[in-house]
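Here the structure is laid out as structure tokens; the discussion comes afterwards.
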Amino acid sequence: MAITADSTASSRDRTKAKWRRFKVDLWLTDINTVELGIMKHTQHEADSDQFTKDMEVIGQVKEDGERTGILAYRKEAWNESDGMKRRLIIKQFTDSMNWRGSMEFMMGRSLALSIGARGVPVSAYTLNLARHDQLIQLERSAHKWLFMPEYFSFFIETDDGPRFYRLRRKVIAIGADYILYDGRGRKIGVLDHHILNLGGSWHVKLRESAAYIELEVALQMFCAMLRFNHDARNHVKRQLRKVTRGETDLDLDHHEKDLYANPRKLR
């Protein structure tokens, strides 16, 4: 087959593609207080109202070897709660402890999607980013076929309109590797899972032409969520079974209810 000038130019463009790179490093133990060098329930809480007393630091974001973000979750809300009020809340802070965003597990939405998928557990999350007007909805796709890859999808509203994304887990991989596609099906990023260290880490690369701060923060919190992904999916499965059998109190946590509130309702 003849090689045209257009195909040569296209190949050259792919070769010259530039990437934004960062690392999301998670820990399994509470060595983070030593790493940070400060007491999380005192100075941290004073630095940010978002850093509540039950926050547990679980990792960090690094760029070019420098820490640029801190990842934490509300330990009591996840580990010490049960039923429909069990909540996974992940937050990211800057290195100076300014709040950058939150990612919250949505039990009501997850159950509704799972019922619609005829019992396939579908986990749903809401992302609230600093200085971003939209609440971003990130949801797992429902696949019934065994050995099908896991998918998540979401969109981010920008000044140029909504941008749509799909995350596809690699089927043949040792860790939890994901590929990021844009709304046109183009591969624009890779989340490469390394499991040699305690807790694991994700080495993320994103095409510079597709990168912007809201997408980067969303991907960083998505990596942190993957630490809880299996447990969250099983929790949805258990609660779905109880709901369909009438074995649980149908009552969501009031903080989750707030995220479903009608913004157009006259108050």
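The values are calculated or read from the model by the stated rules, or taken from the named source; none is laboratory data. Treat the numbers as computed from the prediction; the structure is a model and nothing was measured. All Cβ positions, even for glycine, are placed from backbone atoms using ideal geometry, and neighbour counts span all protein chains on display. Just so you know, the surface numbers come from the protein's heavy atoms only, side chains and all, with ligands and any DNA or RNA stripped out. Shrake-Rupley method; radii C 1.70, N 1.55, O 1.52, S 1.80 Å.
The mean accessible area for residues of segment 133-267, using a 1.4 Å probe and ignoring ligands and nucleic acids, is 60 Å² per residue. Modelled spin labels at D249 and E63, positioned 7 Å past Cα toward Cβ, are 4.5 nm from each other.
Surface composition of segment 152-267: carbon plus sulfur atoms hold 50% of the accessible area, using a 1.4 angstrom probe and ignoring ligands, DNA and RNA. The gain in end-to-end length when the A130 to H194 segment is fully stretched comes to 20.2 nm, 0.36 nm per residue minus the alpha carbon separation.
On the beta carbon distance between R184 and D231, with R0 = 30 Å, the FRET formula returns roughly 0.35. Accessible surface of segment 76-119, 1.4 Å probe: 41 percent of it comes from carbon and sulfur atoms.
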